[in-house]
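S.K.: Got a structure for you, written out below as structure tokens; questions coming shortly.
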Amino acid sequence: SWVDIREDLEATVGKNNYVNWIEPLELSGLDNGVAVFRVPTNFMGNWVSRNFGDDIVQLLKSSGQAVSRLEFSVNAARSPKRATAPKAEQISEVPVSSAPRKKAAVARSTGTVPGAPLDARFTFDSFVVGKPNELAHAAARRVAEGGEVAFNPLFLYGGVGLGKTHLMHAIANQLRTQRPDLNVVYLSAEQFMYKFVQALRDKKMMDFKQIFRAVDILMVDDVQFIAGKGSTQEEFFHTFNALVDQNKQIIISADRAPGEIKELEDRIRSRLQSGLVVDLHPTDYELRLGILQHKTEQHMLKDPSLHIADGVLEFLAHRISTNVRVLEGALTRLFAFGSLVGREVTLELAQDCLADVLRTSDRKITVDEIQRKVAEHYNIRLSEMIGPRRVRTIARPRQVAMYLAKQLTSRSLPDIGRRFGGRDHTTVMHGVKRIEELRISDSQIEDDLELLRRALEA
Ligand code: ADP
Ligand code: MG
């Protein structure tokens with residue numbers, strides 16, 4: 001019988017493979033030389049067929065069965081036996097999905113899946129949304145619903161400290177509570193590589209593959225790390241494909257766009273681009289202020305005695321770089337300082353205690369400098385910037401310069417107007433308004449502004 005043959009297979013394939021691959025097989029029919037097995041997933045069928053197919057056929061034959069071929073049919077209901085079958089090696093990680101599973105989902109949980117621990121503070125509630133990250137946030141929210149796979153993979157990219165990891169943890173944290181039936185695995189590309197190398201070394205590649213292919217939602221953070229790492233890249237690609245084929249959600253982050261990750265194989269790059277690619281833009285003033293306010297409110301819940309003077313947060317939002325981690329660090333120090341000195345945190349106090357992180361000197365940015373930098377950026381002449389021509393290619397940069405002059409200098413509108421070839425203050429006001437509108441509808445303008453602001457404040 002199959003059960004006897006199965007035991008024989010154990011000797012051939014080894015204990016681990018037996019438990020992971022052979023034991024869960026259910027022989028459901030033997031007809032016309034075809035042995036039909038029920039398997040929980042397509043992947044598993046393919047795997048067994050490719051790796052143990054010949055052995056199985058041989059053993060069936062030698063037990064007197066006229067078998068020449070195997071077939072695997074995916075068992076939709078999935079045998080509950082599977083629930084405990086593949087023993088994932090516990091490599092000191094915290095399983096993401098540890099809540100008791102609902103009955104219907106029992107078969108899905110392939111024991112514990114290796115992932116990195118989640119930071120419980122990284123939730124959607126603690127993530128402040130602004131223009132620069134609203135798209136990434138919306139996409140993350142969508143994925144966190146755990147419903148139908150709308151885009152695969154979701155590729156999030158952006159500079160350091162802009163919230164990629166936070167968003168990924170937020171997705172995992174939400175799924176952990178709302179969809180405990182799903183196997184959600186989050187890990188960094190570096191950890192992926194580490195596990196891969198470890199599996200190679202311990203000759204546990206089969207386990208490795210089985211574990212990763214049994215995941216429902218896989219998140220790999222900082223994928224740029226595996227660029228140039230040949231076999232890890234290869235394995236990642238296979239894992240990726242196996243999961244996409246099973247319609248499992250994948251979420252990837254990187255510090256740059258797929259097209260800009262050098263030493264990534266073309267086929268991997270194109271797979272990474274095949275879903276939804278969204279970037280987290282550098283934070284702008286409004287978002288920084290929002291984050292500072294949010295974090296201050298949170299802190300005040302714990303320490304109601306904290307008092308921050310008006311204008312301090314605004315000042316920090318202006319003067320600290322776009323990296324949110326730096327922003328947080330500054331705030332933490334400020335809070336500590338405030339409670340230490342036991343009085344209101346004033347602007348002077350803030351300047352004192354944060355002197356090292358505050359951007360630039362107190363050097364005043366001039367309208368003249370702004371005009372030059374903006375002209376340079378848009379490749380127009382300075383004389384055109386202040387001249388009378390009103391074609392769009394010149395008028396738009398002019399409006400950008402007016403806007404920056406209003407934002408970064410303390411000049412009045414009439415004063416700014418005078419410096420733009422003697423224009424009226426209403427013209428300046430109109431220009432500023434126009435750019436404010438464009439910032440909402442045109443992300444290019446937003447990028448230009450951020451770039452220029454940084455160049456000017458450098
Ligand atoms: P990345 O992975 O992109 O380098 P992180 O997700 O680690 O950045 O974010 C760095 C820090 O900034 C974290 O502490 C995170 O909570 C915080 N952070 C980033 N963006 C936001 C945001 N929009 N709202 C609140 N906190 C944020
Ligand atoms: Mg990160």
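The values are calculated or read from the model by the stated rules, or taken from the named source; none is laboratory data. All values derive from a computational prediction rather than experimental measurement. Neighbour counts run over all protein chains shown; Cβ positions are idealised from the backbone, glycine included.
S.K.: If we keep just the residues of the range 151-175 that are in a helix (DSSP H, G or I) and away from ligand 2 (no atom under 13 Å from the Cβ), which is surrounded by the fewest Cβ atoms within 10 Å (Cβ to Cβ)?
M.R.: Among residues in the range 151-175 that are in a helix (DSSP H, G or I) and away from ligand 2 (no atom under 13 Å from the Cβ), the one surrounded by the fewest Cβ atoms within 10 Å (Cβ to Cβ) is GLN174.
S.K.: Taking only the range 11-23 into account, find how many residues are within 14 Å of ILE56 (Cα to Cα) and surrounded by 15 or more Cβ atoms within 10 Å (Cβ to Cβ).
M.R.: Number satisfying all stated conditions: 6.
S.K.: Does any residue in the range 325-339 that is within 14 Å of LEU358 (Cα to Cα) come within less than 9 Å, Cβ to Cβ, of a residue that is basic (Lys, Arg) six or more places away or on a different chain, and which pairs are these?
M.R.: LEU327/ARG288; LEU327/LYS295; GLU328/LYS295; LEU331/LYS295
S.K.: In addition: Mind checking which residues of the range 225-251 are farther than 19 Å from GLN191 by Cα and among the basic types (Lys, Arg)?
M.R.: LYS248
S.K.: Moving on to the next point. Which condition does ARG256 not pass, out of (1) modelled with pLDDT under 90; (2) loosely packed, with under 15 Cβ neighbours inside 10 Å, if it passes all the others?
M.R.: It is condition (1) that ARG256 fails.
S.K.: Would you be able to tell me the number of residues in the range 182-201 that are farther than 17 Å from ILE252 by Cα and in contact with a strand residue (DSSP E or B) (Cβ under 7 Å, 6 or more places away or on another chain)?
M.R.: Matching residues across the range 182-201 total 1.
S.K.: For the range 213-223, which residues satisfy the criterion of being more than 15 Å from the chain's Cα centre (by Cα) and modelled with pLDDT of 90 or more?
M.R.: Within the range 213-223, VAL215, ASP216 qualify.
S.K.: Quick one: how many residues across the range 224-250 are touching a Phe, Trp or Tyr at 6+ places or on another chain (Cβ under 8 Å) and either at pLDDT 95 or above or over 23 Å from GLN198 (Cα atoms) (or both)?
M.R.: 3
S.K.: Continuing with the same structure: Would you mind finding the one in GLN399, GLN407, GLN371 that is polar (S, T, N, Q) and either under 30 Å from GLY329 (Cα atoms) or in contact with a Cys (Cβ under 7 Å, 6 or more places away or on another chain) (or both)?
M.R.: Result: GLN407 is the single residue among GLN399, GLN407, GLN371 that is polar (S, T, N, Q) and either under 30 Å from GLY329 (Cα atoms) or in contact with a Cys (Cβ under 7 Å, 6 or more places away or on another chain) (or both).
S.K.: Answer yes or no as to whether VAL34 is surrounded by 17 or more Cβ atoms within 10 Å (Cβ to Cβ) and outside the structural domain of LYS209 (by TED's automatic domain parsing).
M.R.: Against the criterion (surrounded by 17 or more Cβ atoms within 10 Å (Cβ to Cβ) and outside the structural domain of LYS209 (by TED's automatic domain parsing)), VAL34 does not qualify.
S.K.: Given the conditions (1) crowded, with 20+ Cβ neighbours inside 10 Å; (2) in a helix (DSSP H, G or I), report the number of the one that LYS295 does not fulfil.
M.R.: So LYS295 meets the others, but not (1).
S.K.: Now a separate question. Only residues that are among the acidic types (Asp, Glu) and either more than 19 Å from THR346 (Cα to Cα) or within 15 Å of ligand 1 (Cβ to nearest atom) (or both): list them for the range 276-333, please.
M.R.: Across the range 276-333, the qualifying residues are ASP279, ASP284, GLU286, GLU297, GLU328.
S.K.: Within the range 188-209, identify whether any single residue is in a loop (DSSP other than H, G, I, E, B) and not charged (D, E, K, R), and answer yes or no.
M.R.: No: zero hits.
S.K.: Among the residues of the range 183-201, are any within 16 Å of ligand 1 (Cβ to nearest atom), crowded, with 22+ Cβ neighbours inside 10 Å, within 29 Å of THR283 (Cα to Cα) and acidic (Asp, Glu)?
M.R.: So far as the range 183-201 goes, no, none of its residues is within 16 Å of ligand 1 (Cβ to nearest atom), crowded, with 22+ Cβ neighbours inside 10 Å, within 29 Å of THR283 (Cα to Cα) and acidic (Asp, Glu).
S.K.: Scanning for something under 30 Å from PRO180 (Cβ atoms), surrounded by fewer than 16 Cβ atoms within 10 Å (Cβ to Cβ) and touching a residue at least 40 places away in the same chain (Cβ under 8 Å), does the range 260-276 turn up at least one residue?
M.R.: Scanning the range 260-276 turns up at least one residue that is under 30 Å from PRO180 (Cβ atoms), surrounded by fewer than 16 Cβ atoms within 10 Å (Cβ to Cβ) and touching a residue at least 40 places away in the same chain (Cβ under 8 Å).
S.K.: Cβ-Cβ distance below 7 Å, separation of 6 or more or different chains: which pairs start in the range 363-388 with a residue that is under 15 Å from LEU404 (Cα atoms) and end on one that is of a type in the set (Ser, Thr, Tyr) and not in a helix (DSSP H, G or I)?
M.R.: ILE365/THR409; THR366/THR409; VAL367/THR409
S.K.: Of the residues in the range 343-362, how many are surrounded by fewer than 13 Cβ atoms within 10 Å (Cβ to Cβ) and free of Cβ contacts under 8 Å to residues at least 24 places away in the same chain?
M.R.: Looking only at that region, the number is 6.
S.K.: Just to be sure before I move on: is ILE380 crowded, with 16+ Cβ neighbours inside 10 Å, at pLDDT 90 or above and either in a loop (DSSP other than H, G, I, E, B) or within 16 Å of ligand 2 (Cβ to nearest atom) (or both) in the structure I sent?
M.R.: yes
S.K.: Oh, and also: Looking for whichever is free of Cβ contacts under 8 Å to residues at least 24 places away in the same chain and assigned by TED's automatic domain parsing to the domain that holds SER270 here; the options are ARG201, ARG213. Which one fits?
M.R.: The unique qualifying residue is ARG201.
S.K.: Identify all residues within the range 224-247 that are assigned to a helix (DSSP H, G or I) and either among the aliphatic types (A, V, I, L, M) or not assigned by TED's automatic domain parsing to the domain that holds LYS262 (or both); write none if there are none.
M.R.: Hits for the range 224-247 are ILE226, ALA242, LEU243, VAL244.
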